[in-house]
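One structure is given here, and the rest of the page talks about it.
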Amino acid sequence: MELSSGVVWAIMGAAISMGLAAIASGIGVGLAGVAGAGVISEDPKKFGPVLVLQALPQTQGIYGFLGAVLILIGVGVLGGAVKEIPVAMGYAALGGGIVIGLSSFTAVAQGAIAASGMGAVAKRPETFGQSVVLAVMAETFAIFGLLIAILIFVGTKIMGG
Amino acid sequence: MKKLQIVALEGFRDSIVKGLQALGTVHLTDYSEAINDPHLKDLLQPHPISPNIRRIAAQNIALNRLLEVFERHDPEPREGFIKAVFAPMPPKKLETEELSGPRLLEVVDGIIRKVDGEVAQPLQDLESIEEEIAEQGKMRGLLDLVTSLDIDLKDVGEGGFTSVLLGVAPKQELDNLRERLEDITDTTFYLGASETSEDRIVAVVVCLKEHVAAVLANLRRLNWERIEIQGLQGTPRQAIDSIDNRLEDLDQEKRAKEGMLVDIARRRKDELRKHRELLMVERQREENHTKFARMEHVVIIEGWVPSNSVAQAVQEVTSITGGACVVDLTEPDANDDVPVQLKNPRFFKSFELLTRLYGLPTYNGVDPTLFLAPGFLLFFSIMLTDAMYGLIALVLGMLLIRGGGKYNEMIKDGGIILSSAGVATIIIGALSGGWFGGFGLKLKILKNLMIFDPMVQVTAFLLIALAIGLAHVNVGVVINVVHKLKAGQKWKAVSENLWFLFAQPGLIFTVLGHKSLGLLFIVIALLLLLGGHKAMSMFQITGFMGDILSYARLMALGLCTTGIAMTVNVLASMLYMVGWLGIVLAVVIFLFGHVFNFLINAMGSFVHGLRLHYVEFFTKFYESGGTEFAPLEMKFDIIKIK
């Protein structure tokens, strides 16, 4: 099987989408996890709310995964025969991967907010809902990143084409 | 709400407070501040703290201490989280006589004395048994080191002229030991040694009493550790056997004492818990004393009553005092912090949970729950877009309602929210062809239901999301205008967000070619905007644009659910092709993947559905910061008054 360079560029896009998102989500989850361990060392019963807060920065990793999968399906690497696609289309897929990868760095900020939220929950458990909403704010831009990537994929017929 | 002021003779104070508590409709407020009022300053005094508070606190501590002892020896069975939420045991209700005031305190004192008397001896015995077990265990540990010596332990220690010392030392120091002993004792010594492990020996040293101090000081330098055994007889092996026998006896004694405590616990636990709860209710009542003000013989109590409970409250107070009281009812004025009671029809009542999470509305403010419920269900279902996931949510919700929801209102509310979100998701999912992703579309009947394919009609999906956002924001703006007009705040109604309602037809008319009509609307919108927000007008425009764009997440997260479901199906179908092991793995991946996707995206849909309300919708009209209506009430968790 011979791969066209368009497909290879698209694969690079998938790699960047997932790779950067994994790093960013990992840092975010890490920041939150360190704070979470502190909270449950004081009160193991808070494990539930702490776990939910820690899970929030994982979403960016999922967006990265989704972006990568959409590219791979779009160019036929996953679930079908590899398509011949023009190099320019490969670049477009790469662009989509980059925007998801970079915007997933909001997970780092989200992890920091989640960590502070755990501090709030440790002191006053009733602030859990509010803490979640505060942390979710940071995710908005990652969603916009995913959105732009999807628009790129649709506009260049990588998706639905 | 009506403000209720009661002026009555001090002697009626306790019965009035008790009567109000039984009614459970009066939210008491702090009237002690009125003392600072220049007109009332000479008349009123602060009401003293109830003398019973301290006694109740001490009794509470004593009851808790006893219950902790019981919990240690006879722990209550605990339910795991899953069982507590989905299939809890019905809570046990303890029947009890109505008991309050000085009589209650006396009874509780009696109970504490009685139970304390019952547990004191077994607890003390248990303590000394445990001490002895620890001592014997320690001795046994020491004896274990010297089992290889064949000596009579009764000889160890000081004799008439000589001392017998036991100890362990490193094996390589044996020769040094001997040399050192020769020096110190001028060869009048005995040294017997035997190996205990590879590198350690146990040694018996016999020397004259006058040499003991010097011998010990020197041996310590050679890392000798003395073993002090006293009061034992026979060889170490025999001594160990007798200690083991003693330990066995002690263990039996311990179990017997613990059995006694368990017996007492089973007999007395309910009695203690019952009275602890009665005491809590008593304390709630007594704690309110500092909120009152008093004159020489008169007490003044102030609080809030919902309008429909006013007559009942007044009648209760009048009948308690035999009419010897003044009950004054007034409408709240602008400076009052009036408590808020949310009132919604049954189904919507559950969604008050989500309103509370943000903060209660101010008194006279809009209760957003009626608007929040449909919006939340719509957004949740668009972001979850899968009928099967909706079904899972529905089933989980029903389990919550029929499980923990039976005894816990919050779990019930959560269950109702989750199951109604599930129903909404089933509908939206069926329309958009989500049945575990595209898995169910192999069935023709399900495919026929599908009117929209989110993965194909992506741009249309985005436009629908933004249109929903625009509509939602408009609803928020309209609520604000209507509410402000109703409240008589005409300028606020016009100046805050009304410009947005004029700007939209302005733009539409302009685009459609009715330029002059369009311009008229736009000019009005600009005037309202500049009049209301002045230099900050620009940020109003960008703010509204940002708000509407934010609804694009409906589409992005909807696609996210669909996309991941699709990925799971692709992975599973690839495995399905490669033999029987592949089929097994495919099923595992399919189940695990969809459960994971459901969990992660249901959570996402929940928080983002809330966020769109809290941030984009509520900011258009909602003012939170109200105080919850918390009436003085008789709330019993575990007891039932006969």
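Here, each number is a calculation from the coordinates, and none is a lab measurement. Being a predicted model, the structure only gives us computed values, none of them experimental. Heads up, the Cβs are rebuilt from the backbone with ideal geometry, glycines too, and the neighbour counts pull from every protein chain shown.
Rounded to the nearest 0.05, what FRET efficiency do residue B:7 and residue B:362 have when you use their Cβ-Cβ distance and R0 = 41 Å? In this case the efficiency is close to 0.90.
Based on the convex hull around the alpha carbon atoms, chain A presents an average projected area of 9.6 nm². Calculated [222 nm] ellipticity per residue, helices only, for chain A: -26000 deg cm²/dmol; basis is -39500 (n - 2.57) per DSSP H run with n ≥ 4, divided by all residues, nearest 500.
Peptides B:142-150, B:598-606 ranked from most to least packed by the mean count of surrounding Cβ atoms within 10 Å: B:598-606, B:142-150.
So for each of B:505-518, A:125-138, B:87-100 I average, over its residues, the number of other beta carbons within 10 Å; can you give me the resulting order with the highest mean first?
A:125-138, B:505-518, B:87-100
Expressed as a fraction of 2.2 N^0.38 Å, the value expected for a compact globular protein of N residues, the C-alpha radius of gyration of the protein assembly as shown is 1.38. Neighbouring Cβ atoms from other chains, within 10 Å of the Cβ of residues in A:146-152, number 5 on average. Peptide A:52-61 shows a mean partner chain C-beta count of 2 within 10 Å per residue C-beta.
Pairwise alpha-carbon distances in segment B:59-203 exceed 28 Å for 58% of all pairs. Over segment B:157-228, all Cα pairs binned in 10 Å intervals from 0 give whole-percent P(r) values of 21, 60, 18, 1, listed from short to long. Full extension of the chain between residue B:527 and residue B:335 gives 65.8 nm of extra length, using 0.36 nm per residue less the Cα-Cα distance.
Helix B:387-402 and the long axis of chain B differ in direction by around 60°, with both axes built from C-alpha atoms. Mind checking the angle between helix B:537-550 and chain B's longest principal axis? C-alpha axes, 0 to 90 degrees, to the nearest 10. Rounded to the nearest ten degrees, it is 70.
Rg then Dmax, both in Å and based on the Cα atoms of segment B:458-585: 23.2, 75. Taking label points 7 Å from Cα along the Cα-to-Cβ direction, residue B:200 and residue B:491 give a separation of 8.9 nm. Shielding by partners for peptide B:596-605, expressed as the average number of C-beta atoms from other protein chains within 10 Å of each residue's C-beta, is 2.
In plain terms, the residue of B:537, B:420 with the fewest other Cβ atoms within 10 Å comes first and the most crowded comes last, giving B:537, B:420.
Put a dot 7 Å past the Cα of residue B:395, heading toward its Cβ, do the same for residue B:60, and the two dots end up 4.5 nm apart.
Extension gain for residue B:444-residue B:233 works out to 66.8 nm (0.36 nm per residue, less the C-alpha to C-alpha distance).
Here is the size of segment B:533-642 from its Cα atoms: Rg then Dmax, 24.5, 72 Å. With a simple spin-label model that places each label point 7 Å from the Cα along the Cα-to-Cβ direction, the separation between residue B:512 and residue B:255 comes to 9.1 nm. For segment B:376-435, taking Cα atoms only, Rg and Dmax work out to 11.5, 38 Å respectively. As a ratio to 2.2 N^0.38 Å, the alpha-carbon radius of gyration computed for chain B takes the value 1.55. Roughly how far apart, in whole Å, are the Cα centres of segment B:182-253 and segment A:65-117? What the calculation gives is 75 Å, centre to centre. Could you tell me the calculated FRET efficiency between residue B:635 and residue B:97, based on Cβ-Cβ distance and R0 = 22 angstrom, to the nearest 0.05? After rounding, the FRET efficiency stands at 0.75. Legend: calculated FRET efficiency, residue B:284 to residue A:51, from the Cβ-Cβ distance at R0 = 30 Å, rounded to 0.05, equals 0.30.
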